[in-house]
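Participant: Take a look at the following structure, please.
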Amino acid sequence: MGRMNQSSKPPKSGIISSPTSIEIASAGTGTGADPLTAEDISRARDRLAVAKARGGVQSRKSWRWMRLLWLLAGPGVLVFLGENDAPSMLSYAATGSQFGIGFFLPFILLTFLAAWVVQEMTVRLGSVTHRGHAELIFDRFGPFWGFFSMADLMLGNFLTLVTEFIGIRAGLSYFGIPALVAVGGAITLILAVTMTRRYWTWERILLGLAMFNGLFIPVALMSHPSWHAVGHAFITFGPLPGGLRSQNILLMMADIGATVTPWMLFFQQGATSDKGMQPRDVGFGRWDTSIGTLLAALFGIAVVLATVPLYTHGISTENYQGAQFAQALQPYVGKLGSSLFALGLVEAGLVAAISISTSSGYAFGEVMHHAHSLNRSIKDAWPFYLTLLGSAIAAGAIVLIPHAPLEFIVLIVNVIAVLAMPPALLFLLLLVNDREVMGDRVNGLWLNIAGIAVTVLLIIAGLGYGVTTLFPRLLS
């Protein structure tokens, strides 16, 4: 497997009597136990809480299960609500305002089911190996592919971060907040959350922020959609309005890209490792991922329903940005509803910016064999924190440049995501079928069928996106 660096090794299994006296397994150097670090102690405290919850014989079984889910949940919910980012929500808004209730409601749900297949493999890989995605690629396929995956991810992440700050700026502009204040405030919040130097604290703060993705639900209710039409759409999976026209394919690709992207693999596996999850925690990891999938799908569909009034009243929204959607909705959902919509865009951009920049920090630390944990101090893991915060600050600065080609950046982000996802999935499938890596946790037949099907779907989607982008009149 190659060497395991100190920041990614798991604590010794078993019940821990004291988190300050835990014995840490050797890193594989043959020199015996490594000295304890603050990361080891912090993770040991978390594992002690899990061990106590598992061994709580005095409490009912159902209560123990809920307690364990609370302790072990986090990466799966965060990765899906993080992917419900500002560009994704604007994609769903465009879907609802251009097509109303129909084909795209069940289609969006299917894209989230595909994402669940991918992320289930990711959480299983992280729990079994205790290592990040980039590190495993480096060790199993060689330095070239390790550095390639890191560089590809970090470039895509950086450009995506620019789009998150565009969303934050657009959402806050609805309230008249200047761009400099909006971007500066977002960077300050990212800095404050990251500087907790404790994974558990960082995770709980981010989970609290992520729950505000649900702001779109009251907006959807205020829009008074036809629930009969909603039910009919899910039951019948009606035809695609207008057929396979170029515009429809682009919107389908955008909705697929709103649910399955490369950074999700690197983030969830890195967070699972940083959390210290073990093979016996895989079941709870699946529940965590399932809850995140359902919440993200619900909130994404809520955005579609919230913008249906624009479709009903024939309002053209092809070139709308975040604040314009909120302003256009005000006559139909009121000042409160439009304000909640704008705040939802801000939240979506913030949570995604924190998650995506963290995935860049994980990938850089894994491949460069630097400490890469939110349980580490800035002094011990400064390359990790510098990558995380530096990418966010640089992306925010680009948004403030007068006349910056922001629309071009958004287009490039989509192109990179299309090109990067199929190779990332192929690496993932190879790793989860590698018995040296996974032991008896390798993919079964049905998981492989589902994984290959999703990979083929994304390759077809990528080709479709490429054709319609390069030859927009081909399917007009």
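Nothing in this text is a laboratory measurement; each read-out follows from the coordinates by a stated rule. These figures come from a predicted structure and were not determined experimentally. All Cβ positions, even for glycine, are placed from backbone atoms using ideal geometry, and neighbour counts span all protein chains on display.
Participant: For a quick check: sort HIS224, HIS403 by the number of other beta carbons within 10 angstrom, fewest at the front. Mind dumping the intermediate values first?
Facilitator: Details: HIS224 12, HIS403 5.
In order of increasing Cβ crowding within 10 Å: HIS403, HIS224.
Participant: Let's test the formula: R0 of 25 Å, r as the Cβ-Cβ distance of LYS335 and HIS403. What FRET efficiency results, to the nearest 0.05? Display every interim value, and only then the final one.
Facilitator: Working: r = 32 Å, r/R0 = 1.29.
Between LYS335 and HIS403 the formula returns 0.20.
Participant: Hey, can you grab everything whose amide H is under 5 Å from the amide H of ASN433? Only 5+ residues off in sequence or another chain; H modelled, so Pro and N-termini drop out.
Facilitator: Under 5 Å from the amide H of ASN433: ASN443.
Participant: Taking R0 as 22 Å, what FRET efficiency do you get between LYS52 and SER290 from their Cβ-Cβ distance, rounded to the nearest 0.05? Could you put the intermediate results ahead of the total?
Facilitator: Working: r = 25 Å, r/R0 = 1.13.
So, using R0 = 22 Å, E works out to roughly 0.30.
Participant: Give, in nm to one decimal, the length gained when the segment between TRP70 and ILE177 is fully stretched (0.36 nm per residue of separation minus the Cα-Cα distance). Numbers along the way, then the final one.
Facilitator: Details: separation 107, 0.36 × 107 = 38.52 nm, distance 3.67 nm.
Residue separation times 0.36 nm, minus the Cα-Cα distance, leaves 34.9 nm.
Participant: Another question about this same structure. From the C-alpha coordinates alone, can you work out the Kirkwood hydrodynamic radius of the chain, in Å?
Facilitator: On the way: mean 1/r = 0.0439 Å⁻¹.
Roughly 22.8 Å, rounded to one decimal.
Participant: Further, regarding this structure: Treat the count of other C-beta atoms within 10 Å as a stand-in for reagent exposure and order LEU310, LEU48, LEU295 from fewest to most.
Facilitator: Details: LEU310 24, LEU48 17, LEU295 20.
Least to most surrounded, the residues fall as LEU48, LEU295, LEU310.
Participant: Taking amide hydrogens as modeled 1.01 Å from N in the peptide plane, which residues meet the under 5 Å criterion relative to ASN375, leaving out close sequence neighbours?
Facilitator: TYR199
Participant: Round to the nearest 10 and give me the degree value, 0 to 90, for the angle of helix 179-194's Cα axis relative to the longest principal axis of the chain.
Facilitator: That helix lies at roughly 30 degrees to the long axis.
Participant: Could you work out the relative contact order of the stretch 73-470, using alpha carbon pairs under 8 angstrom and six or more residues apart, expressed as a whole percent?
Facilitator: 37 percent.
Participant: Additional query: At 222 nm, what helix-only mean residue ellipticity would the chain give, in deg cm²/dmol to the nearest 500, using -39500 (n - 2.57) for each DSSP H run of four or more?
Facilitator: Values: 20 runs with 342 residues, N = 476.
Theoretical 222 nm ellipticity from helices: -24000 deg cm²/dmol.
Participant: Convex hull volume of the Cα atoms in the stretch 41-151, per residue, in Å³?
Facilitator: Working: hull volume 19.4 nm³, N = 111.
Per residue, the Cα convex hull of the stretch 41-151 comes to 175 Å³.
Participant: Pairing the Cα long axis of helix 445-470 with the longest principal axis of the chain, what angle in degrees results, from 0 to 90 and rounded to the nearest 10?
Facilitator: In the chain, helix 445-470 runs at an angle near 40 degrees to the longest axis.
Participant: List nothing, just return the count: lysine pairs in the chain, 8 or more apart or interchain, with Cα separation under 20 Å. Mind showing how you got there, number by number?
Facilitator: Details: LYS9/LYS275; LYS9/LYS379; LYS12/LYS52; LYS12/LYS275; LYS52/LYS61; LYS52/LYS275.
Taking the Cα cut-off of 20 Å, the pair count is 6.
Participant: Got a sec? How would TYR320, TYR92 order by Cβ neighbour count within 10 Å, fewest to most? Could the numbers behind the result be given before it?
Facilitator: On the way: TYR320 20, TYR92 27.
With the fewest neighbours first, TYR320, TYR92 line up as TYR320, TYR92.
Participant: Among THR95, TYR199, THR455, whose Cα lies farthest out toward the positive end of the dipole of the stretch 73-470, if unit charges sit on the beta carbon of Lys, Arg (+1) and Asp, Glu (-1)?
Facilitator: TYR199
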